[in-house]
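The values are calculated or read from the model by the stated rules, or taken from the named source; none is laboratory data. Worth saying up front: this structure is predicted, and the values here are computed from it rather than measured. Counting neighbours? That spans all protein chains shown, and the Cβs are built from the backbone with ideal geometry, glycine included.
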Amino acid sequence: MTYEEFLKSKQQLGGDYGFDPVWMPEEAFAFQRDLITWAVRKGRAAIFADCGMGKTLMQLAWAENVARKTGGRVLILTPLAVSHQTVQEAGKFHIDAARSDAGELASQIVVTNYERLHHFNPEDFEGVVCDESSILKNFDGATKTAITEFMRTRKYRLLCTATAAPNDFMELGTSSEALGILERKHMLTRFFTHDGGDTSKWRLKGHTRSELFWKWVCSWARAVRKPSDLGYSDGDFRLPDLIKRLHVVEASRKNSEYLFEMPAVGLTEQREERRRTISERCEMAASLVNSTGKPAVCWCHLNDEGDMLESLIPDAIQVSGSDSDDAKESKFKAFENGDARVMITKPKIGGFGLNWQHCAHQTFFPSHSFEQWYQAIRRCWRFGQVHAVTIDVVTSEGEQRVLGNLEKKAASADHMFSELVKHMHSGSIENKQTNKATNKEIQPSWL
């Protein structure tokens, strides 16, 4: 390979590759049809849609359009155990999609897990969809690099997630780079200034630059938490009540360094606090789900937490990191089908993409990750849930700072979505003609 050929192989494809849709599912709501049309016309796009808004239908419709237009294949990458749900959804809408575990190409739309990407050749596909694309940060460097490299030369690309950069603008740069729009480092130099010292501290360059940044994001992404964000009636897209209950346990083994219980400071102290209170927290969580007789999810972060919860809850099943991919999928299906009443797992394992509307009770040991908190809750609290969802947060006195940090990140996430929605309206869909009462659309000007 010559040096020129090497440089060409590393270049991002440029240009706008979108086209007018050639097919649209009749079952799609009006706001979903608009998002599908926009994404197909863009060719490379990101849809940041809240849980239960129909991301699976929208990405399948996008893939079907690319397959019909090009005559080629589209690969849909999903979190573990979500691929079978995607194929089931495709059948509902008469879309021919097939799951593949070892690289077989059984359909024009191929669905597989991120963990199985190494079985596939990018040259076999015209387009790629990343479902729950924010999960990419949870993979190791080699896996993330492989996914980015796989997408880099594909003509059509779609990212779908509910929690893009909830508290970190850098992830928007990662999404932009994956779509081949603007590299993350160039995004930083164009729109941000560095506060110095800590390389993770970047802030937008003043009001004017901030306005330009959000308009730039809206040029390739759409954010929607509910249909009314796009000017439609919310109709049935209304969430049930979310009931959050805080349970503070007292450690039986006192901290020898303090006369009184004090909030843990720093990650080291917080990890020690978490391990010091494992028994008390697990016993509380188990007592909250043992007497109900109803489905429940117990989220944990440590292996010891998962093992203790499993020993304390007789009708529970645990999905742990040591399980094989096949074993994980089998256990997730058992819970989804009602063969197991209680699911015990970590948010980074089961917190993305799975639909558990049959369950309306969770216990949660908080961590600093807002994304894990948000995504885990949304496995049950999502559009389509008919019952109020109860979240029992079990913590200790020493972890008060963790809860405070989560509250700050929640506010940051709400700000990001609000900014995206505001600029979508002010910059591109302000002339939209919508019949909000009937949810019918004449033709939005932003398409």
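Some points to look at:
- When restricted to residues that are closer than 22 Å to residue 55 by Cβ and either touching an Asp or Glu at 6+ places or on another chain (Cβ under 7 Å) or surrounded by fewer than 23 Cβ atoms within 10 Å (Cβ to Cβ) (or both), the stretch 320-353 contains 8.
- Strands (runs of 3 or more DSSP E) fully within the stretch 144-211 that include at least 3 residues being at pLDDT 85 or above: 156-161.
- Flag if residue 356 is part of a loop (DSSP other than H, G, I, E, B) and surrounded by 24 or more Cβ atoms within 10 Å (Cβ to Cβ): no
Matching residues to (1) more than 22 Å from the chain's Cα centre (by Cα); (2) not small (Gly, Ala, Ser):
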{"position": "17", "(1), (2)": "yes, yes"}
{"position": "31", "(1), (2)": "no, yes"}
{"position": "45", "(1), (2)": "no, no"}
{"position": "61", "(1), (2)": "no, no"}
{"position": "70", "(1), (2)": "yes, yes"}
{"position": "85", "(1), (2)": "no, yes"}
{"position": "109", "(1), (2)": "no, yes"}
{"position": "117", "(1), (2)": "no, yes"}
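- Those residues of the stretch 359-382 which are touching a residue at least 40 places away in the same chain (Cβ under 8 Å), under 16 Å from residue 394 (Cβ atoms), crowded, with 23+ Cβ neighbours inside 10 Å and of a type in the set (Phe, Trp, Tyr), in sequence order: 365
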